[in-house]
Amino acid sequence: PAEARSRPADETREALLLAAQILRNHDWSFADVRRTWFYLDDILSWYDDFNRARNEVFKSFGLLNGSPKNVIPASTGIRGRNARGHRCTLDLIATHPLAGQEISVERLRNPLQNEAPEYGSSFSRGLSLATGHCRYFLVSGTASIDEVGNTVHPGDFDCQARRTLDNVESLLASGGAVFDDVCQATAFVKRPNDVERMQRILEQRGLQNLPMVCTIDDVCRDDLLVEIDATAAIPRPSGK
């Protein structure tokens with residue numbers, strides 16, 4: 001609606017409410033959502049407003065009521081423009097089990113980082129989804145952020161990239177996965193000249209074959225130079 005375009009936070013609310021309505025039209029709900037991606041034009045100028053808007057809507061959906069049954073989605077929030085000039089666009093993955101089967105969902109907890117809601121951002125660091133045939137790992141956008149939510153190594157791309165990879169590796173390990181299980185990853189690099197540095201660091205860690213795409217984008221904090229998200233999968237023996 002035109003009236004929602006004047007303030008980016010209002011557009012965020014409307015986008016989330018529209019996504020929820022689309023889900024309801026198919027007898028799903030936001031409680032079934034496991035992964036979100038938010039693309040925010042000029043992200044650095046209003047990311048705090050975005051977080052407040054998402055928090056408000058997620059509370060209205062019952063996702064932040066403290067119930068262990070309600071798992072907030074893994075998420076990436078990154079700068080992204082679109083042809084219509086909107087300030088906030090999003091896509092998502094939601095899951096339902098097939099008839100007679102189950103999908104178990106667990107939050108991945110990273111010993112190297114605190115939980116994002118502790119500093120006002122409503123997403124899980126990562127989720128594990130187990131079906132009868134496979135276990136999937138949905139790794140949220142991860143950056144050089146420490147155990148209390150502070151940026152580590154501001155201004156130093158190499159150190160930030162290494163810490164980011166450490167954080168992703170630790171998160172995967174908490175669920176029993178490793179980098180070899182990653183089937184898709186994206187590195188959001190703030191400065192174009194750092195893409196080659198990212199590739200060199202991957203080679204130094206033996207990750208030159210990691211299925212990762214590098215793209216140039218602002219990250220959610222001005223002092224963050226790189227962010228990585230990923231999806232991993234491990235086949236499961238039947239019934240385990």
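The values are calculated or read from the model by the stated rules, or taken from the named source; none is laboratory data. Bear in mind that the values here come from a model prediction, so they are computed numbers and not experimental data. Counting neighbours? That spans all protein chains shown, and the Cβs are built from the backbone with ideal geometry, glycine included. The protein model used for the area step is the full one, side chains on, heavy atoms only, and it has no ligands, DNA or RNA in it. Shrake-Rupley method; radii C 1.70, N 1.55, O 1.52, S 1.80 Å.
Conditions tested, residue by residue: (1) without any contact (Cβ under 8 Å) to a residue 60 or more places away in the chain; (2) in contact with a strand residue (DSSP E or B) (Cβ under 7 Å, 6 or more places away or on another chain); (3) farther than 27 Å from Ala173 by Cβ; (4) among the β-branched types (Val, Ile, Thr).
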{"site": "Arg52", "(1), (2), (3), (4)": "no, no, yes, no"}
{"site": "Val71", "(1), (2), (3), (4)": "yes, yes, no, yes"}
{"site": "Leu108", "(1), (2), (3), (4)": "no, yes, no, no"}
{"site": "Glu115", "(1), (2), (3), (4)": "yes, no, no, no"}
Quiz item: Any idea which residue in the stretch 157-175 is most open to solvent (accessible area, probe 1.4 Å), counting only those that are farther than 12 Å from Arg109 by Cα and of a type outside the set (Asp, Glu)?
Solution: Arg162
Quiz item: Can you tell me which residues in the stretch 92-120 are assigned to a loop (DSSP other than H, G, I, E, B), among the hydrophobic types (A, V, I, L, M, F, W, C) and either more than 30 Å from Gly132 (Cβ to Cβ) or within 18 Å of the chain's Cα centre (by Cα) (or both)?
Solution: Leu108, Leu112
Exercise. Determine whether the stretch 93-100 contains at least one residue that is within 25 Å of Gly176 (Cα to Cα), modelled with pLDDT of 95 or more and open to solvent by 30 Å² or more (accessible area, probe 1.4 Å).
Key: yes
Quiz item: Is there any pair linking a residue in the stretch 148-169 that is without any contact (Cβ under 8 Å) to a residue 12 or more places away in the chain to one that is surrounded by fewer than 18 Cβ atoms within 10 Å (Cβ to Cβ), with Cβ under 6 Å and at least six apart or on different chains, and which?
Solution: Val152/Asp146; His153/Cys159
Practice problem: Within the stretch 1-47, work out how many residues are in a helix (DSSP H, G or I) and either free of Cβ contacts under 8 Å to residues at least 12 places away in the same chain or small (Gly, Ala, Ser) (or both). | Solution: 14
Quiz item: So which of Thr186, Thr231 ends up being of a type in the set (Ser, Thr, Tyr) and touching a Phe, Trp or Tyr at 6+ places or on another chain (Cβ under 9 Å)?
Solution: Thr231
Quiz item: part of a strand (DSSP E or B), of a type in the set (S, T, N, Q) and open to solvent by less than 10 Å² (accessible area, probe 1.4 Å) - does that describe any residue in the stretch 84-91?
Solution: no
Practice problem: Go through the stretch 121-159 and give me each residue that's assigned to a strand (DSSP E or B) and within 21 Å of Leu224 (Cβ to Cβ). | Solution: Ser124, Gly126, Leu138, Val139, Ser140, Gly141, Thr142, Ile145, Thr151
Exercise. Being within 30 Å of Pro97 (Cβ to Cβ), among the charged types (D, E, K, R) and open to solvent by 30 Å² or more (accessible area, probe 1.4 Å) is the filter here, so list the residues in the stretch 14-33 that pass it.
Key: Arg24, Asp27
Practice problem: State which residue is surrounded by the most Cβ atoms within 10 Å (Cβ to Cβ) when the search covers only the stretch 69-83 and only residues that are assigned to a loop (DSSP other than H, G, I, E, B) and within 15 Å of the chain's Cα centre (by Cα). | Solution: Ile72
